[in-house]
Amino acid sequence: MESDDDDDNERQFLSEVHMASLAEDLGVNRRVSRFFFQIPKALRPNIDCDGGSVVEDQKRGILQDAVPSKEIQEILQGSSYNGEACKYDDDEDGDPVISRQSIQQQKRDNSNTYDAVITLEHAMTTPLKDVGHQVWLGALLLCDFMLYAWQSFHEAIVLDLGAGVGLTSIVAAYIAQTVFCTDKGDPLLKLAQRNVERNTDTLPVKGEVRVRELDWNTQAFPSPEYNQRQTRSEFPFRAQDLQVLENCSVILAAEVVYDVELTDVFFRFLYSILIRPPAKTAYLTVEKRQVFSIADLDIVSPAYEQFRENLADLASVDQGPVRFVCTQVDTNFPQFFQYQRVKELELWKVEVAFTNS
């Protein structure tokens, strides 16, 4: 995704997630893909997947593995599309070698292995400034982690930064109480809203997803004053939103690092959120993408390096009432979604603590 060319916003970028996908064509570079995944057994007693019988089974003491809803079963049995329909192997140079499964094989595999599906509308190729209209590997990694470490998100108020088409927000709503799905620009927010709506009727979503505009360039936590400045948007923060957001304890940011300048803007905004009580935990995913730099005559990863520098700056704060702990999370946890978890994918946890000094 990164380049030192001046015309990055004129070039077209394609997410690895979509390279091998079979997607329903909506025309004008729009697609609908279905992302099949497993529901962790630990979560199944907490999620109503079969139309309301789980609670009654619990009362009778006959709790069994959840069964997908009728809508999901129909999609699993009849779908010809899958967000990650193909399998990957690497050649000698480390490049992906894609082998496509037949549609019949996909139907058979998906219906037998996966018990839930998320349907997302997205773009196939975009200029750099519109990459939020696609799904990236870091979003799938973060979704896996939320399903694995669900206790950390249970009943939480979640702020999803740079949520794009809404995948991470939708998965977070499985577990959390309220999720603010935020990004910049009405076209992208309308897309996220459509995706939230098309999944709420077929998924056992526990929490509420609120799609709102949040511009990191404001460098401030949303406030009534911020709300007034956003009156042109169709997705402004409302007074009741701000009251709920005051209790936010979890921040998500899935692969929002792809530009050096934007990385600095993001971390300034993140800092403005973290320094406000109560204590919050941020989960950030990033993929280390390397490009050849003509200026350096070398292979570089400028946005990733800037990401690490900003993490180091946070961890080095040793004055005032706040302390930050930045930890790289081992990604050797179960994989619930279908995708290639490449070694360049990283997950970072940023914790903040307040002191009396």
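The values are calculated or read from the model by the stated rules, or taken from the named source; none is laboratory data. These figures come from a predicted structure and were not determined experimentally. Virtual Cβ from ideal backbone geometry, glycine too; neighbours counted across all protein chains shown. Side chains included, ligands, DNA and RNA excluded: accessible areas come from the protein's heavy atoms. Shrake-Rupley method; radii C 1.70, N 1.55, O 1.52, S 1.80 Å.
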Can you find a residue that is of a type in the set (Phe, Trp, Tyr), open to solvent by 20 Å² or more (accessible area, probe 1.4 Å), at pLDDT below 95 and in a loop (DSSP other than H, G, I, E, B) anywhere in region 83-94? no
Here the qualifying pairs (Cβ atoms under 7 Å; residues six or more apart or on different chains; first in region 271-289 and of a type in the set (Gly, Ala, Ser); second at pLDDT below 90 and buried (at least 16 other Cβ atoms within 10 Å of the Cβ)) come out as Ser272/Phe221
For region 261-308, give me the residue count where each residue is modelled with pLDDT under 95, surrounded by 15 or more Cβ atoms within 10 Å (Cβ to Cβ) and of a type in the set (Gly, Ala, Ser). 3
Per the filter on region 309-349, residues open to solvent by less than 30 Å² (accessible area, probe 1.4 Å) and of a type in the set (S, T, N, Q) are Asn310
Could you go through region 126-133 and let me know if any residue there is at pLDDT below 95, under 28 Å from Asn332 (Cβ atoms) and buried (at least 21 other Cβ atoms within 10 Å of the Cβ). yes
Going through region 318-343 one residue at a time, which ones are of a type in the set (Asp, Glu) and touching a Leu at 6+ places or on another chain (Cβ under 9 Å)? Asp330
Checking the conditions here, which among Ser33, Ser53, Ser3 is within 24 Å of the chain's Cα centre (by Cα), modelled with pLDDT under 50, among the small types (Gly, Ala, Ser) and open to solvent by less than 60 Å² (accessible area, probe 1.4 Å)? Ser3
